[in-house]
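The values are calculated or read from the model by the stated rules, or taken from the named source; none is laboratory data. Quick caveat: nothing in here was measured; it's all calculated off a predicted structure. Reconstructed Cβ throughout: ideal geometry from the backbone, glycine too, with neighbour counts over all protein chains shown.
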Amino acid sequence: MIPLKDILIKVVKLLLLVGILYYIFHGIDMQTLWHSLEALSLPFVILAAFLYFSHLALFGARWYYITNHECPPRASFEVVFVAFFVNTFIPAKMGEVSRVFYLRKFYDYPTHKTLSSIFYEKLFDMMFLSFLLILAAYVFFEDSSVSWMAVGILGSVILFLIAFARYEEAVWRVLHKVPHKSIRVFLKKMFKALRKKNTLKDFLVTTGLTFLIRLVNFFVVVALFRYAAHMPLSMEQLAVLFVATTVADFLPLAPGGTGVLHAAVVFVLTKYGIDKDTALASAIVYHLLINMTPALVALVILSQKRITFSSLMEKKPTPQPS
């Protein structure tokens, strides 16, 4: 029997999603929406798709560095595209878990190293999100409550990294007290893998790669909304839109950011005088672009390895095609 708490959470999510979809489509004229889609500049849409592909490739480069070059370069790029593809269908960003199965299945890469790298990677993503919220709160929205929340998140991550570096023996003592032997051994392996990443150079390089990833993502927004959609938006307004789409992408309400991303785009653009039909048209194209780009690459990867989507979760290794 499903617990009542889980049922309530699902009902709340469903109601939120229904409300978001109502907000998006209320008052939309389908003919105007279609004309807005037709008016998009195809060359700039293709440019935006190429930039988004580059942004994902940089994710692969960051993953390769975070794993201390132990994960092969090809595997590092493949696993990023596969994870983004899986996120299109699975909510709460659970597509990240597919990295564990994929790397273990095809490259015999240890699970504890994959999980420790995902954990380390997400710390930097949280740092960047906090930075964006602080920037948005002070520069664009002048909302101190948002900025203090972001400062709290950023401070927590930095304090964790400092504590992790300075109180290693205390961490070992805590891990040694974990009652279940198999869990204790696994957590110790994860901690050993994390220790290899805990240098100033690792921090600076990973931070630099994270900002470069997001900078390219910002240019995706510029190419699509300013040039492909011919919107008279300033760089400051595009920055606000970028912040909104980035935050929406972090919210695990629906697979692939369906609904949430559209609502964020429509909300910001209508505030800047863009009509709702044009705003929704560009949101639809943006959503398709960020989901179809990794999907196409991932499907090529999976077809080359002759596997299906569901077989990613199998534990037994599949022989590589000759």
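Of everything listed in (1) surrounded by fewer than 16 Cβ atoms within 10 Å (Cβ to Cβ); (2) under 30 Å from residue 52 (Cα atoms); (3) at pLDDT 70 or above, the single unmet condition for residue 174 is (2). For the range 10-41, the tally of residues that are aliphatic (A, V, I, L, M) and touching a residue at least 12 places away in the same chain (Cβ under 8 Å) stands at 10.
Could you say whether any residue in the range 2-15 is closer than 25 Å to residue 270 by Cα and more than 23 Å from the chain's Cα centre (by Cα)? Scanning the range 2-15 turns up at least one residue that is closer than 25 Å to residue 270 by Cα and more than 23 Å from the chain's Cα centre (by Cα). Tally up the residues in the range 177-191 that are outside any helix (DSSP H, G or I) and either surrounded by 12 or more Cβ atoms within 10 Å (Cβ to Cβ) or modelled with pLDDT under 70 (or both), please. So the count comes out to 1. What about residue 223, is it hydrophobic (A, V, I, L, M, F, W, C), crowded, with 18+ Cβ neighbours inside 10 Å, more than 15 Å from residue 133 (Cα to Cα) and modelled with pLDDT under 95? Considered against the rule, which asks whether it is hydrophobic (A, V, I, L, M, F, W, C), crowded, with 18+ Cβ neighbours inside 10 Å, more than 15 Å from residue 133 (Cα to Cα) and modelled with pLDDT under 95, residue 223 comes out as no. Taking the listed residues 85, 89, the one that is surrounded by 17 or more Cβ atoms within 10 Å (Cβ to Cβ) and within 19 Å of residue 290 (Cα to Cα) is 85, with no other qualifying. Taking (1) surrounded by 11 or more Cβ atoms within 10 Å (Cβ to Cβ); (2) farther than 28 Å from residue 222 by Cβ; (3) not hydrophobic (A, V, I, L, M, F, W, C) in turn, residue 35 satisfies each apart from (2). Please tell me if residue 144 is over 30 Å from residue 286 (Cβ atoms) and modelled with pLDDT under 70. Spelling it out, residue 144 is indeed over 30 Å from residue 286 (Cβ atoms) and modelled with pLDDT under 70. Residue 210 fulfils the conditions (1) in a helix (DSSP H, G or I); (2) out of contact with any helix residue (DSSP H, G or I) (no Cβ under 6 Å at 6 or more places or on another chain) except for a single criterion, (2).
Within the range 105-121, at least one residue is of a type in the set (D, E, K, R) and outside any helix (DSSP H, G or I).
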